[in-house]
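**Student:** This is the structure I want to talk about, given as structure tokens.
Each value in this text was obtained by applying a stated rule to the coordinates, not by laboratory testing. Computed from a predicted model, the values in this text were never measured in an experiment. Positions of Cβ are backbone-derived with ideal geometry, glycine not excepted, and every protein chain shown enters the neighbour counts.
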């Protein structure tokens, strides 16, 4: 029996913390030739690289008349020029040139967001820049480890980012949404364990001596040609606040020691997911499927990427429909089942982060009349 914690209805469209690292793009999407426009946590950003290759994220609105800098062009070794009146800014967001005048207003600047390039992604911190600790970036080492191979894509989700997290924390939906690929009855029949601390939530599920569903049967035969028989299957879902989920998945020949740690007679993958809120009803969903077998096969990489993309397309359709239903029924609350335990703890951790930011803002606010 899983501890659900405090009972009660769950808010549907949760706010998002700003003091956090979010993926804004794949590393190859941010270049030197073009400016990329993205919105993260309600903040429009203009992204580019300096001549040295360093990624930059500036507020996508010129100080002068708020024209989008992403419509402008790159200037010099690190600057950007507004497309409307030609004001130029350096990578720190400070204006360095104003046409038709020599004196630059000292207030002429735009926000420059902390940026870190890691795990094949570009991460931004949309909140208080003094709190931007790179050590808080979620661990996704499989993305750039030589012991793992794989690829992924980005989904523009027309749904609140929390709905994506709910979806990933409860994989029993595979039995119904993905019945032709990775779903099977044992998903909802098997026991699971939920553990958590102040930054993570983990859901662990094992299914013993079962038939491999089509997706995993193909992968077993990629590694063990002609494989037939029962398998032990695992799903270990790890949430890292505020919006990254690594899912350790795989199957192994039944009874060969996988539950005890010997996965040599199976196939193992990590589904890497990080979801960045755009606003309260849309999100950018960055994902990849990484494997630790047949690392030199581009064919398998492509097949896995395309296969997982098809599975996630089914999720996308469900999430879009769910968001529309939520907006059409604003007074209807969510209710929770045992299978929602992991997702409920995720929501609590996020809510605590949001409340901590609000409390800090309230504590540091200058009282009216005090200045």
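**Student:** In Å and whole numbers, how far do the C-alpha atoms of the stretch 185-281 stretch along each principal axis, longest first?
**Tutor:** Taking the Cα atoms of the stretch 185-281, the three principal extents are 48, 25, 25 Å.
**Student:** Now for a separate question. Debye sum, Cα scatterers, the chain, no solvent: what log₁₀ I/I(0) at q = 0.15 1/Å?
**Tutor:** The computed values of log10 I(q)/I(0) come out as -1.33.
**Student:** Stretched out fully, how many nm does the piece from residue 332 to residue 356 gain, at 0.36 nm a residue minus the Cα gap?
**Tutor:** That works out to 5.9 nm of additional length.
**Student:** Further question: Add -39500 (n - 2.57) for each DSSP H run of 4 or more in the chain, then divide by its residues: what number comes out at 222 nm, to the nearest 500 deg cm²/dmol?
**Tutor:** Here the helix-only value at 222 nm equals -7000 deg cm²/dmol.
**Student:** Listing 113, 22, 16 from the residue with the fewest other Cβ atoms within 10 Å to the one with the most, what is the order?
**Tutor:** The fewest-first ordering by Cβ neighbours comes to 113, 16, 22.
**Student:** Further, regarding this structure: Kindly list the residues of the stretch 246-286 that lie in the label zone of residue 208, defined by a backbone N under 17 Å from the point 7 Å along the Cα-to-C-beta vector.
**Tutor:** 251-263
**Student:** Based on a Kirkwood Rh over C-alpha pairs, give the Stokes-Einstein translational diffusion coefficient of the stretch 148-355 at 37 °C and viscosity 0.692 mPa s in µm²/s.
**Tutor:** 185 µm²/s
**Student:** I need 36, 337, 163, 360 ordered by Cβ neighbour count within 10 Å, fewest first.
**Tutor:** Listing 36, 337, 163, 360 from fewest to most nearby Cβ atoms yields 337, 360, 36, 163.
**Student:** Tell me the label-point distance for the pair residue 33, residue 100, using the 7 Å Cα-to-Cβ offset, in nm and rounded to one decimal.
**Tutor:** According to this spin-label approximation, the distance is 3.4 nm.
**Student:** For residue 309 and residue 133, calculate 0.36 nm times their separation in residues minus their Cα-Cα distance, and state this gained length in nm to one decimal.
**Tutor:** Computed gain between residue 309 and residue 133 is 60.1 nm.
**Student:** Taking the chain as a Gaussian network, where each spring joins two C-alpha atoms under 10 Å apart, which residue of 338, 273, 292 fluctuates the most?
**Tutor:** Of the options given, 338 has the highest mean-square fluctuation.
**Student:** In which sequence would 70, 145 go, from the one with the fewest C-beta neighbours within 10 Å to the one with the most?
**Tutor:** Ranked by crowding around the Cβ, least crowded first: 145, 70.
**Student:** Further question: Using the beta-carbon distance between residue 322 and residue 224 and R0 = 51 Å, what value does 1/(1 + (r/R0)^6) give for FRET efficiency, to the nearest 0.05?
**Tutor:** 0.85
**Student:** Hey, another quick one. For the pair residue 264 and residue 197, how long in nm is the line joining their label points, each one 7 Å along Cα→Cβ?
**Tutor:** With each label placed 7 Å out from Cα toward Cβ, I get 3.1 nm.
**Student:** Please compute the length gained on full extension between residue 147 and residue 85, using 0.36 nm multiplied by the number of residues separating them and subtracting their Cα-Cα distance.
**Tutor:** Full extension from residue 147 to residue 85 adds 17.3 nm.
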